[in-house]
Amino acid sequence: MENPGKSATLTVMTGLFTLYCLLPLAWLVINATKSQADFVSTFGLAPGREFALWDNIVQVFSYQDGIFSRWLLNTVLYVVVGATVSTFLAALGGYALAKLHFTGKRVFLFVVLGSISVPGIALAIPQFLLFAHIGMTNTPWAILVPSFINPFGLYLMWVFTADAVPTGLLEAAKIDGAGEFRTFVQIALPLLAPAGVTVLLFSFVSIWNNYFLPLIMLKDPAWYPLTVGINQWNKLGSTAGSGALIQNLVITSSLLTIIPLIIAFLSLQRYWRSGLSLGAVKG
């Protein structure tokens, strides 16, 4: 039997897939170093006549009175609050589903599993109508509240909790007088750290890249996240007669936007990789 590690076909396919993934990133990095004139006059994967990365970054943060900084702070707010709360709620719900017994538990499990199959974009319009009815559109809460609910994260935490938290340890804590919430916080939550980081990272990426929900919920540019704000710049630069030649700023701001995602994956990979493998191993 052929060794997959020495398969020429597999090596070629892996190389082509790697090239497919890295080529857009290389194009983005190269064009972020070009001035506007070089961007429209040179080949996409060729360097420009001058290295203008720093000038482009300065222009990104100063264009339209520095609105990019506001978009960046908005995105950080949505991500930090949304990912933290959704991860904690997912851990709390997963613990309850895995370790507690209550009426309607099986029905709730089916609801959770069914909600995973529903794409978020299908819920955007109903969410908009609901938030419009209670007067919460065009506010940060219209972005934060939907991000608190993470059915997939709840499912992951449920699976992880069932294997990673010994029932005997929980019973010993209760015998010592610990309440249910204290048992969860002091005993179960530290054991769920790898799984929590996995859910946190998935929530981080999902909220950071969220586009359609902020697009329909927000009208005030001061509350835009980076995804919506950069797209507005892209439309401005692509509109005939607008007089805004800012393609270089769109490219540079897009590069700045993905840097936090890369840093998050690289810095947390040790935790989320162990979290992904945890649920597949039976104790």
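The values are calculated or read from the model by the stated rules, or taken from the named source; none is laboratory data. This is a predicted model, so every value here is computed, not measured. In this analysis, Cβ positions are derived from the backbone assuming ideal geometry, glycine residues included, and neighbour counts consider all displayed protein chains. What goes into the accessible areas is simple: the full protein's heavy atoms, side chains included, and nothing from ligands, DNA or RNA. Shrake-Rupley method; radii C 1.70, N 1.55, O 1.52, S 1.80 Å.
Couple of notes before you dig in:
- Of all residues making up region 50-67, the number that are open to solvent by less than 20 Å² (accessible area, probe 1.4 Å) and either assigned to a helix (DSSP H, G or I) or not small (Gly, Ala, Ser) (or both): 3
- Residue in region 59-68 that is over 24 Å from ASN234 (Cα atoms) and free of Cβ contacts under 8 Å to residues at least 40 places away in the same chain present: no
- Total residues in region 79-103 satisfying the condition of being surrounded by 13 or more Cβ atoms within 10 Å (Cβ to Cβ) and either farther than 19 Å from ARG182 by Cα or of a type outside the set (A, V, I, L, M, F, W, C) (or both): the figure is 11.
- When GLN247, GLN232 are checked against the criterion of being closer than 28 Å to VAL80 by Cα, open to solvent by 30 Å² or more (accessible area, probe 1.4 Å) and over 17 Å from the mean Cα position of the chain (by Cα), a single residue qualifies: GLN232.
- Flag for ALA122 being assigned to a helix (DSSP H, G or I), in contact (Cβ under 8 Å) with a residue 40 or more places away in the chain and among the small types (Gly, Ala, Ser): no
- Scanning region 133-156 for residues that are without any contact (Cβ under 8 Å) to a residue 40 or more places away in the chain and of a type outside the set (A, V, I, L, M), we see that the one that is surrounded by the most Cβ atoms within 10 Å (Cβ to Cβ) is PRO151.
- Considering only residues in region 24-43 that are closer than 30 Å to PRO225 by Cβ and exposed (fewer than 12 other Cβ atoms within 10 Å of the Cβ), the one that is farthest from the chain's Cα centre (by Cα) turns out to be VAL40.
- Residues in region 73-86 that are out of contact with any helix residue (DSSP H, G or I) (no Cβ under 6 Å at 6 or more places or on another chain) and over 14 Å from PRO140 (Cβ atoms): THR84 only.
- The single condition from (1) without any contact (Cβ under 8 Å) to a residue 60 or more places away in the chain; (2) in a helix (DSSP H, G or I) that GLN127 fails is (1).
- Boolean, ALA172 is out of contact with any strand residue (DSSP E or B) (no Cβ under 6 Å at 6 or more places or on another chain), open to solvent by less than 40 Å² (accessible area, probe 1.4 Å) and among the small types (Gly, Ala, Ser): no
- Total residues in region 177-199, condition open to solvent by 50 Å² or more (accessible area, probe 1.4 Å), closer than 16 Å to ALA90 by Cα and in a loop (DSSP other than H, G, I, E, B): 0
- Which listed residue, of ARG70, ARG106, is among the basic types (Lys, Arg) and surrounded by 13 or more Cβ atoms within 10 Å (Cβ to Cβ): ARG70
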